[in-house]
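Below you'll find the structure, written out as structure tokens, and then a few comments.
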Amino acid sequence: MTVTTPKGFRASGVAAGLKSDGGLDVALVVNDGPDATVAGVFTANRVKAAPVMWSQQVLKGGVVRAVVLNSGGANACTGTQGFRDTHATAEHTAAVLRGGSKPLLVGPGDIAVCSTGLIGELLPMDKLLPGVNAAVKALKTDGGTAAATAIMTTDTVAKNAVFSGDRWSIGGMAKGAGMLAPAMATMLVVLTTDAVAGSESLDAALREATRLTFDRIDADGCMSTNDTVLLLASGASDVQPTQEELTAAVTAVCHDLAQQLIADAEGATKHIAIEVLGAATESDAVEVGRTIARNNLVKTALFGNDPNWGRILAAVGTTQAAFAPDRVDVAVNGVWVCRGGAAAEDRSKVDLAGRDVTITVHLHEGEMSATIWTTDLSHAYVHENSAYSS
């Protein structure tokens, strides 16, 4: 169940000394082909890390043969030197792959680069580049687990997913546990498929999948500088799925990974699904769900096992969505504590003892709906993020 499940891919994860704890911190995913089509989506943050800017340029060529990733440093807000370091990483990776035991005819323009970690510091290139050497030597057709482990930062578990079709498959790995907000999250995701698919087909599938999955998780309302999701196709299965089949499969893998991300969010004690029903438009439903997800009063109430529906209704009222306050219904874990904008069933009936929480808001304005996934706001989240850089 990794990025090396589809045919035509090798991967590795090694320790290069970028992390102070000595853990795996450099990952490499290689597409051996025969195809090398690609699609990608990136952070919407105007402050973009050097590897994001580099990879956006690379994807304009429509071909990616390898992705080199590191944890232990974001290489964001590092100026021209940071971009030169990213370029040097791609050049070095390409050179080592050309001279490896299984030579790959690649140039730096065929290499995507991803980084994650602390913002504002240059990467230790004297450690990273030898790490790339080791990663190339360690490449294996079953190296996906090590690669997924190497990209972890505050994650507590590696995140992998797979979809198996009729003689073709999709594999995926992800990292991310904080700064989880729309326009993706503080996440790196590499998806691989052995299907035959052109870049335009991959792009359409990935953008639709991202819209419904990664763009709808929101742990803390904070947007990262490094978000990257890449989808690589090797064509090694010789199977060409329909666009509908490809989109459905990519969406399934992205949904699985997105749920793993939110489940591992920093300090979370609750896994919260916010269902918005009866909206006039899908964008209204998304806005309402997202606003509730980002409301600290709602999040702290759920941390304290308090079904305080008044905070939920107040959050809805700050949106631009179409609704009448005296028609809104709210349920928490199936108990309709609010009907028509006023108290309904006794809130003491709501059981919040478990980890999973569902908030349902019915606007009674139309037929559209959306679900946003979030977490509570706990002491542990504050503790983990209060001294992250020190």
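The values are calculated or read from the model by the stated rules, or taken from the named source; none is laboratory data. Just so we're clear, the structure is a prediction, and the values are computed from it rather than from any experiment. Counting neighbours? That spans all protein chains shown, and the Cβs are built from the backbone with ideal geometry, glycine included. When the accessible area is computed, the model is the full protein with side chains, heavy atoms only, and any ligands, DNA or RNA have been set aside. Shrake-Rupley method; radii C 1.70, N 1.55, O 1.52, S 1.80 Å.
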Among residues belonging to the range 344-388 that are surrounded by fewer than 13 Cβ atoms within 10 Å (Cβ to Cβ) and among the charged types (D, E, K, R), point out the one that is nearest to GLY267 (Cα to Cα).
-> ASP356
Filter pass, VAL239 being of a type outside the set (Phe, Trp, Tyr), touching a strand residue (DSSP E or B) at 6+ places or on another chain (Cβ under 8 Å) and at pLDDT 95 or above | no
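Specify the residue that is nearest to the chain's Cα centre (by Cα); the eligible residues are those in the range 186-240 that are in a loop (DSSP other than H, G, I, E, B) and among the β-branched types (Val, Ile, Thr). Give the steps one after another, and end with the answer.
Residues of the range 186-240 in a loop (DSSP other than H, G, I, E, B): 186-187, 194-198, 213, 218-227, 234-240.
Now drop any that are not among the β-branched types (Val, Ile, Thr), which leaves 186, 196, 213, 225, 239.
Working: THR186: 7, VAL196: 24, THR213: 9, THR225: 13, VAL239: 27 Å.
Among them, the one singled out is THR186.
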Any chance ALA331 is touching a helix residue (DSSP H, G or I) at 6+ places or on another chain (Cβ under 9 Å), modelled with pLDDT of 95 or more and open to solvent by 30 Å² or more (accessible area, probe 1.4 Å) = no
If you scan the range 288-307, which residues turn out to be open to solvent by less than 60 Å² (accessible area, probe 1.4 Å) and either part of a helix (DSSP H, G or I) or without any contact (Cβ under 8 Å) to a residue 12 or more places away in the chain (or both)?
-> VAL288, GLY289, THR291, ILE292, ALA293, VAL298, LYS299, THR300, ALA301, LEU302, GLY304
Specify which of the listed residues (ALA219, ALA146, ALA205, ALA236) is in contact (Cβ under 8 Å) with a residue 40 or more places away in the chain and within 22 Å of SER55 (Cα to Cα).
-> ALA205
For the range 70-106 the number of residues that are open to solvent by less than 10 Å² (accessible area, probe 1.4 Å) and small (Gly, Ala, Ser) is 7
Does TRP336 qualify as being of a type outside the set (Val, Ile, Thr) and touching a helix residue (DSSP H, G or I) at 6+ places or on another chain (Cβ under 6 Å)?
-> no
Residues in the range 271-287 that are more than 21 Å from GLY304 (Cα to Cα) and either buried (at least 19 other Cβ atoms within 10 Å of the Cβ) or of a type in the set (A, V, I, L, M) (or both): how many?
-> 9
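Go through the range 270-329 residue by residue and tally those that are more than 16 Å from SER369 (Cα to Cα) and not polar (S, T, N, Q).
Just the residues of the range 270-329 that are more than 16 Å from SER369 (Cα to Cα), to begin with: 270-272, 294-315, 317-318, 324-327.
Checking the rest, the ones that are also not polar (S, T, N, Q) come to 270-272, 294, 297-299, 301-304, 306-307, 309-315, 317, 324-327.
Counting residues in the range 270-329 that are more than 16 Å from SER369 (Cα to Cα) and not polar (S, T, N, Q) gives 25.
Taking the range 315-327 as the search range and keeping residues that are touching a residue at least 12 places away in the same chain (Cβ under 8 Å) and open to solvent by 30 Å² or more (accessible area, probe 1.4 Å), which one is nearest to ARG355 (Cα to Cα)? Break it down into steps so the answer makes sense when it comes.
Just the residues of the range 315-327 that are touching a residue at least 12 places away in the same chain (Cβ under 8 Å), to begin with: 315-316, 318-327.
If we keep only those that are open to solvent by 30 Å² or more (accessible area, probe 1.4 Å) as well, we get 318, 320, 322-323, 325-327.
Numbers: THR318: 27, GLN320: 31, ALA322: 31, PHE323: 30, PRO325: 30, ASP326: 31, ARG327: 29 Å.
Per the stated criteria, the residue is THR318.
Could you please let me know if ARG311 is farther than 17 Å from ILE217 by Cβ, in contact with a Phe, Trp or Tyr (Cβ under 8 Å, 6 or more places away or on another chain) and open to solvent by 20 Å² or more (accessible area, probe 1.4 Å)? Please lay out each step first, then the result.
On the way: farther than 17 Å from ILE217 by Cβ: yes; in contact with a Phe, Trp or Tyr (Cβ under 8 Å, 6 or more places away or on another chain): no; open to solvent by 20 Å² or more (accessible area, probe 1.4 Å): yes.
For ARG311, the condition - farther than 17 Å from ILE217 by Cβ, in contact with a Phe, Trp or Tyr (Cβ under 8 Å, 6 or more places away or on another chain) and open to solvent by 20 Å² or more (accessible area, probe 1.4 Å) - is not met.
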How about the range 35-154: which strands (runs of 3 or more DSSP E) wholly inside it have at least 2 residues that are charged (D, E, K, R) and touching a helix residue (DSSP H, G or I) at 6+ places or on another chain (Cβ under 8 Å)?
-> none
In the range 261-270, what count of residues is obtained for those that are part of a helix (DSSP H, G or I) and crowded, with 19+ Cβ neighbours inside 10 Å?
-> 2
Is there a residue in the range 242-253 that is in contact with an Asp or Glu (Cβ under 8 Å, 6 or more places away or on another chain), open to solvent by 40 Å² or more (accessible area, probe 1.4 Å) and part of a helix (DSSP H, G or I)?
-> no
